[in-house]
Amino acid sequence: ARWYDLTIEGQPVHAGPTPMQVRRDPFMGALPILEYCYELAAQYAPWGRATFGDIKAEPGSRNTVPERLIVNVDLRHPDPGVLYEMDRLFRAFVVETCEAKHLLGRVEELWHMPVTEFDPDCVDAVRSATMELGYSCMEMVSGAGHDALYLAKVAPTSMIFVPCKDGVSHNEAEDAKAEDLEAGCNVLLHAMLRMAKA
């Protein structure tokens, strides 16, 4: 995962008297850039991701073309080479778009988290416990920055996920059935017992 602040600067002018064709409006640069990020994620499907968690317009006046936009950008892919290419293409598109629209664009990388491979023995213990208990399972790429990523730097680690209704997580509507939670706890217990015997 890579997190960025994308800053696009234009010229603040009054919304009423300023014709559209002469505006240096940061949104005119931001819109194609954000759309391009979604296209990048689709180009590198199924694991490409593009998310914009916040957009701030300055000075923040209803009747003024903004002087500056700051967009939080989150690009993700589990393959480091693909993520590097997404980064390169994103940065190049920002330069190209802002130059064409007579805007100033800047990409500041705030955070980069390389892919974390979990301990094969822990992963196998979870898989084996799941099968022994007769539950269905699948291996997946999380793509999220769980605490387990940091724990994996100092201790053997893996993760267990349980199904949520409609696949929704990190949302108030997140809902897991009691029996799925029980199954997840049973898998954890049996995986721990398996690891303790190893």
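Residue-wise test of (1) free of Cβ contacts under 8 Å to residues at least 60 places away in the same chain; (2) more than 25 Å from A45 (Cβ to Cβ).
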site	(1), (2)
E108	no, yes
P114	yes, no
Y150	yes, yes
P156	yes, yes
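In this structure, does F118 turn out to be in contact (Cβ under 8 Å) with a residue 24 or more places away in the chain, out of contact with any Gly (no Cβ under 8 Å at 6 or more places or on another chain) and more than 26 Å from C164 (Cα to Cα)?
On the way: in contact (Cβ under 8 Å) with a residue 24 or more places away in the chain: yes; out of contact with any Gly (no Cβ under 8 Å at 6 or more places or on another chain): yes; more than 26 Å from C164 (Cα to Cα): no.
No, not satisfied.
So which pairs qualify, if the first residue must be in segment 39-60 and part of a loop (DSSP other than H, G, I, E, B), the second must be surrounded by 14 or more Cβ atoms within 10 Å (Cβ to Cβ), the Cβ gap must be under 6 Å, and the two must be at least 6 apart or on different chains?
Y44/H77; Y44/V82; W47/H77; W47/P78; G48/A41; G48/H77
Here's the yes/no breakdown for (1) among the hydrophobic types (A, V, I, L, M, F, W, C); (2) touching a Gly at 6+ places or on another chain (Cβ under 9 Å); (3) over 16 Å from H102 (Cα atoms):
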| site | (1), (2), (3) |
| --- | --- |
| E9 | no, yes, no |
| P12 | no, no, no |
| A15 | yes, no, yes |
| M20 | yes, no, no |
| G29 | no, yes, no |
| C37 | yes, no, yes |
| A41 | yes, yes, yes |
| R49 | no, yes, yes |
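Which residue, of V65, V22, is in contact with a His (Cβ under 9 Å, 6 or more places away or on another chain), assigned by TED's automatic domain parsing to the domain that holds V107, among the β-branched types (V, I, T) and farther than 19 Å from E109 by Cα?
V65
Would you check which residues across segment 170-198 are polar (S, T, N, Q) and touching a Phe, Trp or Tyr at 6+ places or on another chain (Cβ under 9 Å) and list them?
Residues of segment 170-198 polar (S, T, N, Q): 171, 186.
Once the filter is applied, which keeps residues that are polar (S, T, N, Q) and touching a Phe, Trp or Tyr at 6+ places or on another chain (Cβ under 9 Å), segment 170-198 yields only N186.
Output yes when any residue across segment 77-94 is within 24 Å of R24 (Cα to Cα), of a type in the set (G, A, S) and surrounded by fewer than 17 Cβ atoms within 10 Å (Cβ to Cβ), and no when none is.
Yes - at least one qualifying residue is present in segment 77-94.
I need the full set of residues from segment 69-91 which are out of contact with any Pro (no Cβ under 6 Å at 6 or more places or on another chain) and either of a type in the set (S, T, Y) or part of a strand (DSSP E or B) (or both), in order please.
Once the filter is applied, which keeps residues that are out of contact with any Pro (no Cβ under 6 Å at 6 or more places or on another chain) and either of a type in the set (S, T, Y) or part of a strand (DSSP E or B) (or both), segment 69-91 yields I70, V71, N72, V73, D74, L75, R76, Y84.
Among the residues of segment 95-105, what is the count of those that are more than 21 Å from Q43 (Cα to Cα) and surrounded by 16 or more Cβ atoms within 10 Å (Cβ to Cβ)?
The number of residues fulfilling the criteria is 4.
Sort through E108, E132 and tell me the only one that's loosely packed, with under 14 Cβ neighbours inside 10 Å and not assigned by TED's automatic domain parsing to the domain that holds L6.
Working: E108 fails: not assigned by TED's automatic domain parsing to the domain that holds L6.
Every option except E132 fails the conditions.
The values are calculated or read from the model by the stated rules, or taken from the named source; none is laboratory data. The model shown is predicted, which means the values in this text are computed figures rather than measured ones. Cβ atoms come from the backbone with ideal geometry, glycine included; neighbour counts cover every protein chain shown.
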